[in-house]
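For reference, the structure is listed below as structure tokens.
The values are calculated or read from the model by the stated rules, or taken from the named source; none is laboratory data. Given the structure is predicted, the values throughout are model-derived calculations rather than measurements. FYI the Cβ positions are ideal-geometry reconstructions off the backbone, even for glycines, and counts take in every protein chain you see. Quick note on the areas: whole protein, heavy atoms, side chains included, nothing else; ligands and nucleic acids left out. Shrake-Rupley method; radii C 1.70, N 1.55, O 1.52, S 1.80 Å.
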Amino acid sequence: KSGYASPNAYLNKSGGKYAKNVANPLNYSFVFVLAMIVGGGLSAWLRGGIGPAEKRVPALWRENFGDGQAARYAAAFVGGFIVLYGARLAGGCTSGHMMSGMMQTALSGFIFAAGAFAAGIPTAMLLYRKEG
């Protein structure tokens, strides 16, 4: 037990660990998320900023789905939702399971990696039929 408690049942279910993170938000996870945002902004700035659509939209995407921002935002949202749902369902990060599982030579890590590529490659080939 961490010594922290909350009236929220979800925050208490880990022995108060989640409640502790809410009470002290400046922790590794919070800093990690901030660093991702700063890193993305720095990357955009170093490559010349955010310019016209021709510069922002990769040729492969434009060739298959057009220049519309709505489709890109929808695809990003749906993809993020699927990954988040899968991670929540599995009880952890799926790509982390693959990478650390394979490094530990866990059979489940290799099976997941094979399954991820077996599903990902045909999906990409189906979605991106036209070459950019």
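Any residue in the stretch 113-132 that's free of Cβ contacts under 8 Å to residues at least 60 places away in the same chain: show its pairings with residues that are not in a loop (DSSP other than H, G, I, E, B) at Cβ separation under 7 Å, as long as the two are six or more apart or on different chains.
A113/M98; A113/M102; A116/M98
Tell me which of these Y10 doesn't satisfy, since it passes every other one: (1) part of a helix (DSSP H, G or I); (2) within 30 Å of L126 (Cβ to Cβ); (3) open to solvent by 70 Å² or more (accessible area, probe 1.4 Å).
Among (1) part of a helix (DSSP H, G or I); (2) within 30 Å of L126 (Cβ to Cβ); (3) open to solvent by 70 Å² or more (accessible area, probe 1.4 Å), the lone unmet condition for Y10 is (2).
Okay, residues lined up against (1) open to solvent by less than 70 Å² (accessible area, probe 1.4 Å); (2) over 24 Å from K130 (Cα atoms):
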residue: G49; (1), (2): yes, yes
residue: A71; (1), (2): yes, no
residue: M98; (1), (2): yes, yes
residue: L107; (1), (2): no, yes
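Among the residues of the stretch 16-28, write down those that are exposed (fewer than 10 other Cβ atoms within 10 Å of the Cβ) and either part of a helix (DSSP H, G or I) or more than 22 Å from the chain's Cα centre (by Cα) (or both).
Once the filter is applied, which keeps residues that are exposed (fewer than 10 other Cβ atoms within 10 Å of the Cβ) and either part of a helix (DSSP H, G or I) or more than 22 Å from the chain's Cα centre (by Cα) (or both), the stretch 16-28 yields only Y28.
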